[in-house]
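Engineer: Questions regarding the structure given below will be posed in turn.
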Amino acid sequence: MSDDASASSSTLTKDAPPILEVRDLVKHFPIGSGFSLGRKAAVVKAVDGVSFNLAAGETLGLVGESGCGKSTVARTLLRLEEPTSGTALFRGEDIFAANPAALKNIRLRLQVIFQDPYASLNPRMNVAEIIAEPWVIHPEALPVSERAERVRSLLESVGLRREHAERYPHEFSGGQRQRIGIARAMALEPEVLICDEPVSALDVSVQAQVVNLLMEIQERLGIAYVFIAHDLSVVRHMSHRIAVMYLGRIVETGTEEDVYNNPRHPYTKALLSAEPSLDFSETRAKSSRIILQGEVPSPANPPSGCRFRNRCWKAQEICAGDTPVLDRNEGDHQVACYAPE
């Protein structure tokens with residue numbers, strides 16, 4: 001991200017009111033069902049108290065290892081999964097409390113790009129039908145007479161040809177399929193787009209093209225993104241702010257510059273040290289690479305206190321007590337750690 005982009009992101013996050021507010025989001029999945037010998041069935045604590053804001057026109061990068069709960073956050077915000085508890089306000093309206101009619105109206109303005117471009121497109125529908133499907137669900141959004149031309153316009157806007165409208169998903173590459181998915185998401189002109197690892201299934205060269213397309217769309221239309229990924233370089237390139245997740249909780253959040261140039265949580269430091277680099281010197285390898293000890297705990301039985309403590313080289317006795325929370329007194333750069341660096 002350029003210096004100009006970083007400067008504008010600072011102004012954006014401070015001045016713009018939140019379009020999406022998530023507070024204490026919890027999503028637990030039961031293991032088995034019912035009770036066993038008088039004990040309650042165990043649960044997987046996939047998301048366990050996540051909070052963040054998203055301003056209009058902003059990109060929030062949600063990053064962490066596979067299995068940390070990133071995609072569960074996305075699916076819960078979309079009500080593809082029902083939350084265990086918490087609130088999510090879109091323009092002040094509670095997504096989780098919305099009845100079917102209200103939720104349908106929210107989804108006019110809150111859309112998603114899925115991770116797998118091969119599974120997210122119906123193979124029995126041609127491209128025109130796929131892109132036009134949102135208008136079938138929301139017929140008031142666009143008159144039938146205008147849909148064919150609008151489909152072709154959307155295809156051009158994502159770098160495909162107008163004649164592609166009559167083809168089927170199997171005739172396209174993975175990158176082209178993801179562009180079709182982006183066009184479908186843009187059909188209703190949403191205010192927020194949840195991007196659930198939209199480039200992780202693509203080749204590296206194609207990833208850059210899709211990321212640049214998303215950035216161009218944001219610059220042109222002012223859409224806000226929740227951009228979920230485990231690739232740190234992609235998140236850094238895309239995001240105004242970063243939220244780092246570990247085992248169902250956010251452990252650090254701040255501007256792109258804060259998190260990448262001055263990481264404070266040990267887990268963030270470990271993640272960044274594992275980022276690929278063109279510096280292959282022995283000095284860099286010895287000084288900056290952090291090898292974490294132990295295994296990632298099970299979300300069905302996370303450690304008490306800080307969930308990272310069993311792998312943390314700075315763990316203290318206090319870390320096994322109460323769960324550390326994000327320090328709200330630290331301004332834009334917040335960390336959930338008893339001994340931040």
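Engineer: Only one of these is touching a Ser or Thr at 6+ places or on another chain (Cβ under 6 Å), modelled with pLDDT of 90 or more and under 23 Å from Val325 (Cβ atoms): Glu252, Glu257. Name it. Show your work before the answer.
Structural biologist: On the way: Glu257 fails: under 23 Å from Val325 (Cβ atoms).
None of the other options fit; the residue is Glu252.
Engineer: When Gly175 is evaluated against the numbered criteria (1) modelled with pLDDT of 95 or more; (2) in a helix (DSSP H, G or I); (3) not charged (D, E, K, R), which criterion, by number, is the only one it fails?
Structural biologist: All conditions are met except number (1).
Engineer: Follow-up question, since we're still on this one. Out of the residues in the stretch 196-207 that are touching a residue at least 40 places away in the same chain (Cβ under 8 Å) and closer than 20 Å to Gln111 by Cα, which is surrounded by the fewest Cβ atoms within 10 Å (Cβ to Cβ)? Explain how you work it out, then say what you get.
Structural biologist: To start, the set of residues in the stretch 196-207 that are touching a residue at least 40 places away in the same chain (Cβ under 8 Å) comprises 196-198, 200-202.
Add one more test, that the residue is closer than 20 Å to Gln111 by Cα, and what stays is 196-198, 200-201.
Working: Asp196: 22, Glu197: 21, Pro198: 30, Ser200: 15, Ala201: 18.
Filtering the stretch 196-207 for residues that are touching a residue at least 40 places away in the same chain (Cβ under 8 Å) and closer than 20 Å to Gln111 by Cα, the one surrounded by the fewest Cβ atoms within 10 Å (Cβ to Cβ) comes out as Ser200.
Engineer: Now for a different question. If only one of Leu193, Leu155, Leu188 is more than 19 Å from Leu62 (Cβ to Cβ) and buried (at least 21 other Cβ atoms within 10 Å of the Cβ), which one is it?
Structural biologist: Exactly one residue qualifies, and that residue is Leu155.
Engineer: Look through the stretch 6-60, keep the residues that are modelled with pLDDT under 85 and in a strand (DSSP E or B), and return whichever of them is nearest to Met245 (Cα to Cα).
Structural biologist: Once the filter is applied, the top-ranked residue is Lys40.
Engineer: Ok, one more. Just to be sure I understand, how many residues within the stretch 285-323 are part of a loop (DSSP other than H, G, I, E, B), of a type in the set (A, V, I, L, M, F, W, C) and surrounded by 13 or more Cβ atoms within 10 Å (Cβ to Cβ)? Reasoning before the result, please.
Structural biologist: Just the residues of the stretch 285-323 that are part of a loop (DSSP other than H, G, I, E, B), to begin with: 289-308, 312-316, 321-323.
Add one more test, that the residue is of a type in the set (A, V, I, L, M, F, W, C), and what stays is 290-292, 296, 300, 306, 308, 312-313, 315.
Those left that are additionally surrounded by 13 or more Cβ atoms within 10 Å (Cβ to Cβ): 290, 292, 296, 300, 306, 308, 312, 315.
Total meeting the criteria: 8.
Engineer: Which numbered condition trips up Ala243, out of (1) part of a loop (DSSP other than H, G, I, E, B); (2) surrounded by 24 or more Cβ atoms within 10 Å (Cβ to Cβ); (3) among the small types (Gly, Ala, Ser)?
Structural biologist: Unmet condition: (1).
The values are calculated or read from the model by the stated rules, or taken from the named source; none is laboratory data. Please read all numbers here as calculations on a predicted model, not as lab measurements. All Cβ positions, glycine included, derive from the backbone under ideal geometry; neighbour counts span all protein chains shown.
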